[in-house]
Ligand code: 7TS
């Protein structure tokens, strides 16, 4: 096993690429950025790629006859090809640029859901989903009379796979779930769930917001029909995301939004939609963010996703050990071997917001609250948690600092 491992990643060297990581926080403490599941920071290479477009190549895409428009169109379409390669899609035309994971999932619910689902059809989700993969389906249920079902969680935070056969039937038209969940960080058993969904003829949507940035994704090997993710969680800018869809499925879907660029022809009474993916990219797309996402992919590929995944495993194991050893701290969810680089925890007798606030005074940025997963927190019997989430630039020393700051927060509380 060890012989196959990639060379270890050196976060100290990578950190030089990220100007913001050298910031001092208002308390004077250096920034310890552990909020990567919310959004990640940008290396100079990504920032410069975007500045260069604005300074030298910027114009609208797919419409100009002039040389600048040709340049920006080439760069934009090159970014689409990079995304295609990165997730091992067959064809760049299977890559739709959206504003992010949320828009990608809404696109599927509005376009595919409205066109192909009928009253009584079922969509299967899990209890661990981000609101982005719950609410669009609730809205679809209200519009189309479909039925939502939820794969339950066991007490250890893993999915109750034994319940899968009874929840899947000929009525199941879609199974939609996160590859890695955003609160517990669980890496879900897609290789069990996707074939089971296929066996009843259901389509599969993977919310890959927390997985594509951290581990190799191969949409063909997975056999996912749809896969959604966001640029801002993978060193890219906000405002751009991706919907991957199998070409033959995208081709039978009607447009989601109407406007410029998504049409072949318009008469006063009707329009003909453009081919995919333009059909789903109405209006001026996120041109520079998409090119920035392409630069982020270049950066991630240079570091190597296997090395990143291995590094995050180290940080996560250490975080479980450090936090798990503090009396009064409960680490949520399954053991590290079932997880990506996310650790959520509760501190006895302290509200998550107070924990996060005290960590912030030590320069440590974490998220606290329900993390857009209220049903999950309800299932866990809590209203809020504190979450640390790691990326390639985090260090083991930062994990130790997190542990020390949590202990200090407990001491402060006791003194009150
Ligand atoms: N799905 C998952 C699993 C997510 O973690 C998020 C964002 C989304 C969907 C939505 O992505 P967006 O880019 O469209 O906003 N998750 C978080 C989080 O955990 N904290 O802040 C944002």
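The values are calculated or read from the model by the stated rules, or taken from the named source; none is laboratory data. Predicted model, so just to flag it, every value in this text is computed and none were measured. FYI the Cβ positions are ideal-geometry reconstructions off the backbone, even for glycines, and counts take in every protein chain you see.
Structural remarks
- The range 218-259, residues that are under 28 Å from residue 166 (Cα atoms) and near the ligand (Cβ under 10 Å from one of its atoms): 228
- Residue that is within 16 Å of the ligand (Cβ to nearest atom), part of a helix (DSSP H, G or I) and buried (at least 16 other Cβ atoms within 10 Å of the Cβ), where the choices are 137, 112: 137
- Contacts under 6 angstrom Cβ, first residue in the range 210-222 being surrounded by fewer than 18 Cβ atoms within 10 Å (Cβ to Cβ), partner part of a helix (DSSP H, G or I), 6 or more apart: 216/305
- Any chance residue 104 is part of a helix (DSSP H, G or I), in contact with a helix residue (DSSP H, G or I) (Cβ under 8 Å, 6 or more places away or on another chain) and either within 14 Å of the ligand (Cβ to nearest atom) or over 22 Å from residue 233 (Cα atoms) (or both): no
- Just one of the listed residues (413, 376, 402, 323) is within 16 Å of the ligand (Cβ to nearest atom) and not in a loop (DSSP other than H, G, I, E, B), and it is 376.
- Residue list for the range 164-183, restricted to those being out of contact with any strand residue (DSSP E or B) (no Cβ under 6 Å at 6 or more places or on another chain) and not in a strand (DSSP E or B): 164, 165, 166, 168, 169, 170, 181, 182
- Residue match in the range 177-188 (condition: assigned by TED's automatic domain parsing to the domain that holds residue 297, within 16 Å of the ligand (Cβ to nearest atom), under 22 Å from residue 81 (Cβ atoms) and modelled with pLDDT of 95 or more): no
- Filter result (buried (at least 20 other Cβ atoms within 10 Å of the Cβ) and in a helix (DSSP H, G or I)) within the range 359-373: 359
- Scanning the range 194-217 for residues being away from the ligand (no atom under 16 Å from the Cβ) and within 15 Å of the chain's Cα centre (by Cα) gives a total of 1.
- Residue within the range 42-62 that is within 16 Å of the ligand (Cβ to nearest atom), within 18 Å of residue 304 (Cα to Cα) and in a loop (DSSP other than H, G, I, E, B) present: yes
- Filter pass, residue 33 being within 17 Å of residue 213 (Cβ to Cβ), out of contact with any helix residue (DSSP H, G or I) (no Cβ under 6 Å at 6 or more places or on another chain) and at pLDDT 95 or above: yes
- Residues in the range 115-133 that are near the ligand (Cβ under 8 Å from one of its atoms) and assigned to a loop (DSSP other than H, G, I, E, B) were compared, and the one that is nearest to residue 240 (Cα to Cα) is 130.
- Verdict on residue 396 being within 25 Å of residue 11 (Cα to Cα), in contact with a helix residue (DSSP H, G or I) (Cβ under 8 Å, 6 or more places away or on another chain) and more than 16 Å from the ligand (Cβ to nearest atom): yes
- Within the range 24-61, being closer than 26 Å to residue 372 by Cβ and without any contact (Cβ under 8 Å) to a residue 24 or more places away in the chain holds for no residue.
- Test: residue in the range 84-99 that is closer than 30 Å to residue 145 by Cα and part of a helix (DSSP H, G or I): yes
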